[in-house]
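Working notes for the structure below.
No lab work stands behind these numbers, since they all come straight from the coordinates. Owing to the predicted nature of the structure, the values given are computational and were not obtained by experimental measurement. Ideal geometry is used to build each Cβ from the backbone, glycine not excepted, and the neighbour counts take in all protein chains shown.
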Amino acid sequence: MAVIRRKADFRILSEAELQSWKGVATAVVGDAQNRSQCMSADIKPLKRGLCFYGQARTVQTAVGDNSAVHAAIALLRPGEVLAIDAGGHVDTAIWGEVMTVAAQSRGVAAVVLDGAVRDAAKMREMNFTIFACGVVPRGPHKGFGGTIDGPVSVGGVTVYPGDLLIGDDDGVAVVPLASIDAVLKEVQRIESRETQMLDAIRAGKSSAEVVGVMVPAVSTD
């Protein structure tokens, strides 16, 4: 099977638009989308403390094959995030040290992989931002193919090229490109509300009061 490349025709966000998302927590991004668009807990950071945000480029691989991923790295622009649908297969790594060096040389912001990696210690030393389902020493094959820049499913969430991906120690959240302005407004509203809630708690109110939960009276039954 050959590597198929789809047309990646999406609006590239300006630097100012991207900067609006700097420091935004994935939890807030999920809350702003009705507690949705958050990848499953299987998608974990290889090294904690490394956050990212950027527009997605996508790859779907054949199980245990990373030829399409190698091809995709050569197409990436600085600041983009590579989202890889490897089918959740964790017994064969499709990412490692060689690809990390290649991605860093392209200025890739992060890799989000629904699959496994290897060379974990070296990647941690390199401070490369990668989120994956697991770590395993078994390496991949090449030549079975895959698809670049088509829709993929990563951590149970559909990702299209151009969608905004945000990651932190909690995991990864996705903002569809078509919804980015509306979601940002809701993010800002939630952040303002949470600041007020925390200020109220520090001033002496209980968390129950702040979130509107009634504290029940003692039962006489």
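Once the Cα atoms of helix 180-202 and of the chain are each reduced to a long axis, what angle between those two axes, in degrees from 0 to 90 to the nearest 10, is obtained? The helix 180-202 is inclined about 40 degrees to the chain. If R0 equals 35 Å, the separation of the Cβ atoms of ARG202 and SER14 corresponds to a calculated FRET efficiency of about 0.40.
Could you give the length gained on full extension between ALA27 and SER105, defined as 0.36 nm per residue of separation minus the Cα-Cα distance, in nm?
Details: separation 78, 0.36 × 78 = 28.08 nm, distance 3.04 nm.
Here the segment from ALA27 to SER105 would lengthen by 25.0 nm.
Based on Cα contacts under 8 Å between residues 6+ apart, the range 3-192 shows a relative contact order of 34 percent.
Given +1 at the Cβ of Lys and Arg, -1 at the Cβ of Asp and Glu and no other charges, the dipole of the range 29-137 around its Cα centre is 320 debye to the nearest 20. Rounded to the nearest Hz, the phi-derived 3J(HN,Hα) couplings of the range 47-59 under the Karplus curve 6.51 cos²θ - 1.76 cosθ + 1.60 (θ = phi - 60°) are 10, 6, x, 9, 9, 8, 8, x, 7, 8, 10, 10, 9, where x marks glycine and proline.
Would you work out if the range 31-162 is rounded, prolate or oblate? Take a ≥ b ≥ c from the square roots of the eigenvalues of the alpha-carbon gyration tensor; rounded if a/c is under 1.5, else prolate when a/b is larger than b/c, oblate otherwise.
Details: a/c = 1.25, a/b = 1.17, b/c = 1.07.
Taking the square roots of the gyration eigenvalues as a ≥ b ≥ c, the range 31-162 is rounded.
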